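**Student:** Dumping the structure here so I can ask a few things about it.
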Amino acid sequence: MNMAEREIEILRGHELRLLRCTLCQPPSDPSSHLQPSGFAASVPPLHALISDFLTSVESGNYLGALSSDAARLVLASPDSDLSSHSPDRVYSDLLDRVESFINEPSIDDAEKACRVVLVVCVAVAALFWFIQCNLTGPVNGLPKRPLPMKAWWEASEMVEWESWARNQLMAAGSDLLGKFCYLQYIVFAKMLLLKTRDLLFEASFMSTFKIRSISWWLFRALLIHQQILDERSSSLFELLQVFKGETLGHFGSFEKVTSYWGAQLQDGEASTIVSMVHLEAGVLEYIYGRLDPCRLDLESAEVVAGLQLSVTGILGLRTVHQVEPKAQMILVANTSSKSVSGDINTSIAPDTQLTGPNVSEASDIYMTPKLVENGNGFRKNECGGVVSTLTTVQQAVVLAQCLLIEKSSPHGEMQGWDMAPYIEAIDSQKSSYFILKCFCNILRIRWESTRSRTKQRALEMMDNLVESIHKPSPGVPLRLPFCFSVYIPTIPALRKQYGDILVSCGLIGEALKIFEDLELWDNLIYCYSKLEKKAAAVELIKEQLSRRPNDPKLWCSLGDITHSDACYEKALEVSNNRSARAKRCLAYNAYGRGEYEKSKILWESALALNSLYSNGWFALGAAALKARDVEKALDGFTRAVQLDPENGEAWNNIACLHMIKKKSKESFIAFKEALKYKRDSWQMWENYSQVAFDVGNIGQSLEAIKMVLNMTNNKRIDVELLEKIMQYLEERTSARLTAVTNDDDLPSQTSSDSIPCSVNPSANAEKNAGRLRENEHLLEFLGKILQQIVRSESRPELWGLYARWHRIKGDLTMCCEALLKQVRSYQGSNLWKDEDRFKSFAQASLDLCEVYMDISSSTNSRRELHTAEMHLKNTLKQAGTFSDTEEFRKLEACLDEVKIKLQAEATAS
């Protein structure tokens, strides 16, 4: 092994040690990482400093690592009072110092690579400290060292510097989720990692040393940044997608991981790393609501982890008082080692609960179902009674399935039951890492807090969980593994959930203390409103503003409760026009005042800061529509459904805009999507019926008409559309009869020229049969709709449609009755005074007499002819005022025709 290869192996070892801090528990023997003695004389002396630095990180002493000689080598600067300088200047000088440290001209490529690894280690140590303080704990007794570049300094809280860090993080387009501490550490870590990566692109030694893990650490740092924000950030999403792609490209397969670290990997470590990469990618897609990429990433993690998960039913008991066992959903986990022999591993053993006491005093519901050993499908001779012992990465994969269920199923009680087998599978494990157990408990709390019989237990579990974050045990390094691989909420987010549960249980006073401590002013306002003490909320926010007048979030909260635009404008002023929330509130208020153009401009400005706010795009579309900007409105609603595909109102608006633009096909597609999520709007169904007819989908049009009738109790009837459908079916029936007649004439054509016209008679016959069945189905459907209508409505045009339907069906008797009712519906005192009404009456009379003549011809009966004659004579007698109309002349012609038929019948008899 030459010198360069030795150097590469040592550097890869440092990368792997740093990565292992998030993979597994720290090694019990730190000396196991010491390099062979032969390396000491041939490698740069920085390796010893890096090794000591990593030992401190592995033990959880992150501040100790940042205070070490190795960190000072990177961060060294005159030990002056930094409070005299602005944060911008200090961090700018820091990045210049890092660049000079890495690109020092007098060192070779090997030492440059070594220095890059050292800078990455320093950045990751700062990230780990931030994670300990705000995600994993413990948080009791933390030393006050607010400056990461001077982590060896004891100092009081530096308000200006923390505000600067907060503004740096909020520049992503969203407020922070709550009150976080040591914000400078994550800003520091991001800056160092981004600067180092930029320098690596320009460096020549990258082709040799390939320090690839920096992309993964950047991905993780940005993911934590997103987790502490109140909303999804579009700018962070773009960066995360870039680093996700790089990370998957470097470590997304077993072969790539083994080729990078080789023999330094322990047994099973390569598959754990690959699974973790895919899990973290799945968490990213879950956060941003991208269901399909999330499913693909989690499926990849499941395959690499050697798992095959499925849910089955086994008889068991769910409550203490239950006597007869019922089917319980149980997770079946086939691991790669067991699936070869065909054994099935269930997550829960019969008659065994592995999580300690299974029933708390607050509930009589078992934490995990008590399975019946000799139940159907679960006998010892079938699976040996073996409880599936899952590895830590397999446990993480199981829990990740709950994220997928949450995104892919409707919110409600059933969603919790769908998650239950996965939660109970982890509860049944004999051992789990701290983070995995916490995440499992959080999922259970969310589920059980929605059920009245387990809400009290959920409250107790949440209280214990929040308390466990503050306790010193387990130690810091035991809490870190898998913190990136499961979507564990931050400590402020966890406490916020605790406050929400307290509010749901009526403990508003306790929740107020939590929300005030977390500076969640909106939740605080809500609680005071529930207590009818809004004035107290206003006083509290004003008191906070007297201490922190440059906090835009406080100004926005004050605006929310006082409904004053001046507060939002002040928020924009103190945020240097970067507060997306203030712009949104101003846009909403402008819309409410009818200032639609101003609202549209404000929404465009707010969405330029953060484009992943789906409600904002919907509001932009609404404002643009009111401002008569159809194209901008269509763009706004389209962006809204791209971010939230289940927004039925946005889909409906898209469809209506396409209707305005006469784009029926696009409108039809949009209406179909809208009706998936909003099926209770008769207006939407009515519009859908029109568009469906325009695109030629008569079946869907009839279905929509029926939905409108059912939802409006037969009050909303689109006669014009029914007329169009009737005319369409009449034309199809007439064309079919013509085609049948032509087919009957074909055998008589003996000319050889006609033979090639019948290429495939069986295919044509099948096609015609299909069209016939479709036509019959549409006719039957239309008939049911018309029957439903005429039972409650007696308008003349409806009876006319009903008569035409009977005529298509060939039932002349029923057709005659319907036409007679139509004629009677027109009759009244206004008939002989209203010309338009007379014309309609005359047309109905002509149709009725035509049917009378058809019946007479088919039955050889004179009764119908006499009836027609009498009706026409009476009509003409009373319609003398309309004698100059075309309809009057048609009635006279029809009477003459009836008389001729009567005379012919008399002559024949």
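The values are calculated or read from the model by the stated rules, or taken from the named source; none is laboratory data. Keep in mind the model is a prediction, meaning the values are calculated, not measured. Methodologically, a virtual Cβ is constructed for each residue, glycine included, from the backbone with ideal geometry; neighbour enumeration extends over all protein chains shown.
**Student:** As an exercise: evaluate Glu595 against (1) within 22 Å of Ser235 (Cβ to Cβ); (2) more than 22 Å from the chain's Cα centre (by Cα) and give the number of the one condition it does not meet.
**Tutor:** So the condition that Glu595 fails would be (1).
**Student:** Something else: Is there a residue being modelled with pLDDT under 90, closer than 25 Å to Val57 by Cα and surrounded by fewer than 16 Cβ atoms within 10 Å (Cβ to Cβ) anywhere in the stretch 77-88?
**Tutor:** The answer is yes; a qualifying residue exists.
**Student:** How many residues does the stretch 275-309 hold that are more than 23 Å from the chain's Cα centre (by Cα) and of a type outside the set (A, V, I, L, M)?
**Tutor:** 3
**Student:** Also, quick follow-up: Which number in (1) in contact with a Pro (Cβ under 6 Å, 6 or more places away or on another chain); (2) buried (at least 20 other Cβ atoms within 10 Å of the Cβ); (3) in a helix (DSSP H, G or I) marks the one condition that Trp164 misses?
**Tutor:** Unmet for Trp164, out of (1) in contact with a Pro (Cβ under 6 Å, 6 or more places away or on another chain); (2) buried (at least 20 other Cβ atoms within 10 Å of the Cβ); (3) in a helix (DSSP H, G or I): (2).
**Student:** How about the stretch 159-179: which of its residues are small (Gly, Ala, Ser) and either without any contact (Cβ under 8 Å) to a residue 60 or more places away in the chain or farther than 17 Å from Glu519 by Cα (or both)?
**Tutor:** Residues satisfying the conditions are Ala171, Ala172, Gly173.
**Student:** Could you count how many residues in the stretch 873-902 are under 15 Å from Arg837 (Cβ atoms) and acidic (Asp, Glu)?
**Tutor:** Counting residues in the stretch 873-902 that are under 15 Å from Arg837 (Cβ atoms) and acidic (Asp, Glu) gives 1.
**Student:** Looking for something outside the structural domain of Cys483 (by TED's automatic domain parsing), in a helix (DSSP H, G or I), over 24 Å from Leu200 (Cα atoms) and more than 42 Å from the chain's Cα centre (by Cα) - is there at least one such residue anywhere in the stretch 83-99?
**Tutor:** Yes; the residues of the stretch 83-99 include at least one that is outside the structural domain of Cys483 (by TED's automatic domain parsing), in a helix (DSSP H, G or I), over 24 Å from Leu200 (Cα atoms) and more than 42 Å from the chain's Cα centre (by Cα).
**Student:** Residue by residue through the stretch 752-783, note down the ones that are of a type in the set (Gly, Ala, Ser) and modelled with pLDDT of 85 or more.
**Tutor:** Scanning the stretch 752-783 gives a single hit, Gly783.
**Student:** Taking the stretch 137-152 on its own, how many of its residues are within 37 Å of the chain's Cα centre (by Cα), crowded, with 18+ Cβ neighbours inside 10 Å and closer than 13 Å to Phe180 by Cα?
**Tutor:** Within the stretch 137-152, residues that are within 37 Å of the chain's Cα centre (by Cα), crowded, with 18+ Cβ neighbours inside 10 Å and closer than 13 Å to Phe180 by Cα number 1.
**Student:** Could I ask something else about it? I need every pair where a residue in the stretch 300-319 that is touching a residue at least 60 places away in the same chain (Cβ under 8 Å) has its Cβ under 8 Å from the Cβ of a residue that is part of a helix (DSSP H, G or I) and surrounded by fewer than 18 Cβ atoms within 10 Å (Cβ to Cβ), sequence separation at least 6 or different chains.
**Tutor:** Between residues of the stretch 300-319 that are touching a residue at least 60 places away in the same chain (Cβ under 8 Å) and residues that are part of a helix (DSSP H, G or I) and surrounded by fewer than 18 Cβ atoms within 10 Å (Cβ to Cβ), the close pairs are Gly306/Ser336; Gly306/Ser337; Leu307/Ser336.
**Student:** Kindly indicate whether Ile273 is buried (at least 23 other Cβ atoms within 10 Å of the Cβ) and either within 19 Å of Phe251 (Cβ to Cβ) or touching a residue at least 24 places away in the same chain (Cβ under 8 Å) (or both).
**Tutor:** Taking the combined requirement at face value, the residue satisfies it.
**Student:** Which members of the stretch 870-901 meet the condition of being aliphatic (A, V, I, L, M), touching a helix residue (DSSP H, G or I) at 6+ places or on another chain (Cβ under 8 Å) and over 17 Å from Asp847 (Cα atoms)?
**Tutor:** Within the stretch 870-901, just Ala879 meets the criteria.
**Student:** Looking only at the stretch 503-525, filter to residues that are of a type in the set (Gly, Ala, Ser) and surrounded by 13 or more Cβ atoms within 10 Å (Cβ to Cβ); which one of those is modelled with the lowest pLDDT?
**Tutor:** Restricting to residues being of a type in the set (Gly, Ala, Ser) and surrounded by 13 or more Cβ atoms within 10 Å (Cβ to Cβ), the top hit is Ser504.
**Student:** Quick one: which residue in Ile525, Ile508, Ile442, Ile469 is touching a residue at least 12 places away in the same chain (Cβ under 8 Å), within 23 Å of Trp555 (Cβ to Cβ) and out of contact with any Ser or Thr (no Cβ under 6 Å at 6 or more places or on another chain)?
**Tutor:** Every option except Ile525 fails the conditions.
**Student:** Inspect all residues belonging to the stretch 423-431 and state whether any of them is touching a strand residue (DSSP E or B) at 6+ places or on another chain (Cβ under 6 Å) and not in a helix (DSSP H, G or I).
**Tutor:** Yes, the stretch 423-431 contains at least one residue that is touching a strand residue (DSSP E or B) at 6+ places or on another chain (Cβ under 6 Å) and not in a helix (DSSP H, G or I).
**Student:** Touching a strand residue (DSSP E or B) at 6+ places or on another chain (Cβ under 9 Å), outside the structural domain of Val117 (by TED's automatic domain parsing), hydrophobic (A, V, I, L, M, F, W, C) and farther than 25 Å from Ala4 by Cα, is that true of Leu239?
**Tutor:** Criteria not met by Leu239.
**Student:** Counting only residues that are touching an Asp or Glu at 6+ places or on another chain (Cβ under 7 Å) and modelled with pLDDT under 95, which one in the stretch 294-321 is nearest to Asp644 (Cα to Cα)?
**Tutor:** Leu309
Table: residues versus (1) modelled with pLDDT of 90 or more; (2) part of a helix (DSSP H, G or I); (3) surrounded by fewer than 16 Cβ atoms within 10 Å (Cβ to Cβ).
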| site | (1), (2), (3) |
| --- | --- |
| Arg446 | yes, yes, no |
| Arg453 | no, no, yes |
| Arg457 | yes, yes, no |
| Asn464 | yes, yes, yes |
| Val486 | yes, no, no |
| Leu494 | yes, yes, no |
| Cys527 | yes, yes, no |
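Residues are listed down the side, and each one gets a yes or a no for (1) touching a strand residue (DSSP E or B) at 6+ places or on another chain (Cβ under 9 Å); (2) at pLDDT 90 or above; (3) in a loop (DSSP other than H, G, I, E, B):
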site: Ile785; (1), (2), (3): no, yes, no
site: Gln788; (1), (2), (3): no, yes, no
site: Glu797; (1), (2), (3): no, yes, no
site: Ala818; (1), (2), (3): no, yes, no
site: Asn830; (1), (2), (3): no, no, yes
site: Lys833; (1), (2), (3): no, no, yes
site: His866; (1), (2), (3): no, no, no
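**Student:** Sticking with this structure for a sec: Quickly run through the stretch 238-264 and pick out the residues that are crowded, with 20+ Cβ neighbours inside 10 Å and under 21 Å from Leu135 (Cβ atoms).
**Tutor:** Correct list: Leu240, Phe243, Lys244, Thr247.
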